[in-house]
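The values are calculated or read from the model by the stated rules, or taken from the named source; none is laboratory data. These figures come from a predicted structure and were not determined experimentally. Here the Cβ positions follow ideal geometry from the backbone for every residue, glycine too, while neighbour counts run over all protein chains shown.
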Amino acid sequence: MAAPLAPLTAAAALRIGRGHRPRLLLLASLRPYSAPATPRPPGVPAARRLPHPPPPHRHTRPLAASAATALSDTDLVSDSATLSKGRIYHETYGCQMNVNDMEIVLSIMKKEGYDEIVPDPESAEIIFINTCAIRDNAEQKVWQRLNYFWFLKRQWKTNVAEGRSKSLRPPKIAVLGCMAERLKEKILDSDKMVDVVCGPDAYRDLPRLLQEVDYGHKGMNTLLSLEETYADITPVRISENSVTAFVSIMRGCNNMCSFCIVPFTRGRERSRPVSSIVREVGELWKAGVKEVMLLGQNVNSYNDTSEVEELEPGKNWQLSEGFSSMCKVKNMGLRFADLLDRLSLEYPEMRFRFTSPHPKDYPDELLYLMRDRHNICKLIHMPAQTGSTAVLERMRRGYTREAYLELVRKIRNVIPDVGLSSDFISGDEARKPVVGDFVELMLRLHNKCLTVLLLWAEPENPCSD
């Protein structure tokens, strides 16, 4: 039987760190310990070895049924599983899609043996921060958090000695998502704060990228994919006891609006197979989920060509009347109305919502389906972005102000009790001839929910002229 590991207190570790090279700390932690044999006088009974007391319980949420034992305040060495892999702390900024992406990341990491997450960064060996590139405020928050995570990493020995940090080693910091895709090397070069940069289509590569850090390298993969949908991965739900859940059905966007960075951070559109979505929704139903939000950057342009034997030509693609598309569809498979039809029939007691849509992808078939199925919520999001046809043309939205209002009228005729919501960008509205169109459109819509965003000018943005 292998000899037990020598217990090593935090104070002893600090003494070793001051007197020797840091590399000796790991060797001292793993060296087998055996006490020197001393002769026992005759007639003296052998001493009975008392069991070590169990370490105090910490409030950590395991991703698996049996998680690694938490550390005590004076222990520096945990069990081999936690020591070799590390505990995860994560933060997410931005849209619902980012929340679902983090659940996918946790599932990938769990499969590789990273089976414990902690509620605070001070106790983690791996820190994930999932980012947004749409709102400047979200980016500023990310930089602030990165500064703090860098402090935890840079001052790790001092933080452990003062009880501020409980991690086993300096944490690895990984930036994920759209901000990682947009800035790429700039994040790695920023004061050496970050160890790994990973784009939305490269999450399967995260375990390898983290291992590269152990060899003194930085890890980066921001390649966009034309096929990746993570359809075979069952997300690890962050809110385990919630009766609502997110299900991603497609990724990317083909619309190429002039103000939007999404096609460059999320790539081209690709849709999950219908069967994989039905399977995931079924698992959620068995777990007690009552409402599912279907997600996609352009969710109602869903187009599953993977399970259709004879594809129809893309020229038959039906758009909202008066709308056009900036990108032509090559082949047409199962559309969003087909997916909603199957889900609402197979799970009649489950409610379905969806976001974020584009106004061009509301054909009559989808509107009548929403009217007839009781478990499809009667709420339609219709981002107008502006009330001026001239500005809409510069935005490359593919419709006019009149076409948008006509679609609103049709929706209210087909679904009388519908709730409408919309988005508007006000940065390009700061011209007097345009403000009147904006106000008039708002008065005619009577929106129950309205989001107004400020558009900051990027050098390559045609709308900033």
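A few comments on the model shown:
- Residue match in segment 222-229 (condition: under 18 Å from Ile134 (Cα atoms), touching a residue at least 60 places away in the same chain (Cβ under 8 Å) and surrounded by fewer than 22 Cβ atoms within 10 Å (Cβ to Cβ)): no
- Residue match in segment 109-116 (condition: within 25 Å of Gly252 (Cα to Cα) and among the hydrophobic types (A, V, I, L, M, F, W, C)): yes
- Hits in segment 281-304 (condition: assigned to a helix (DSSP H, G or I) and surrounded by fewer than 20 Cβ atoms within 10 Å (Cβ to Cβ)): Gly282, Glu283, Trp285, Lys286
- Residue ID - surrounded by the most Cβ atoms within 10 Å (Cβ to Cβ), chosen from residues in segment 334-361 that are part of a loop (DSSP other than H, G, I, E, B) and more than 27 Å from the chain's Cα centre (by Cα): Pro348
- Residue within segment 432-442 that is under 28 Å from the mean Cα position of the chain (by Cα), modelled with pLDDT under 65 and not in a loop (DSSP other than H, G, I, E, B) present: no
- Listing of helices (runs of 4 or more DSSP H) fully contained in segment 129-193 that carry 2 or more residues being in contact with a Leu (Cβ under 7 Å, 6 or more places away or on another chain) and assigned by TED's automatic domain parsing to the domain that holds Val118: 156-161
- Residue that is aromatic (Phe, Trp, Tyr) and crowded, with 18+ Cβ neighbours inside 10 Å, where the choices are Tyr203, Tyr215: Tyr203
- Val77 meets the conditions (1) modelled with pLDDT of 90 or more; (2) within 23 Å of Pro170 (Cβ to Cβ); (3) surrounded by fewer than 20 Cβ atoms within 10 Å (Cβ to Cβ); (4) of a type in the set (Val, Ile, Thr) in every case but one. The failed one is (1).
- The sole residue among Arg272, Arg279, Arg237, Arg251 that is closer than 21 Å to Gln96 by Cβ, of a type in the set (D, E, K, R), in contact with a Lys or Arg (Cβ under 7 Å, 6 or more places away or on another chain) and not assigned by TED's automatic domain parsing to the domain that holds Thr131 is Arg251.
- Of all residues in segment 121-174 being polar (S, T, N, Q) and surrounded by 22 or more Cβ atoms within 10 Å (Cβ to Cβ), the one that is farthest from Gly267 (Cα to Cα): Ser165
- Taking the listed residues Ser320, Ser306, Ser275, the one that is touching a residue at least 12 places away in the same chain (Cβ under 8 Å), closer than 28 Å to Tyr404 by Cβ and of a type in the set (S, T, N, Q) is Ser320, with no other qualifying.
- Those residues of segment 244-257 which are more than 16 Å from Leu294 (Cβ to Cβ) and hydrophobic (A, V, I, L, M, F, W, C), in sequence order: Met256, Cys257
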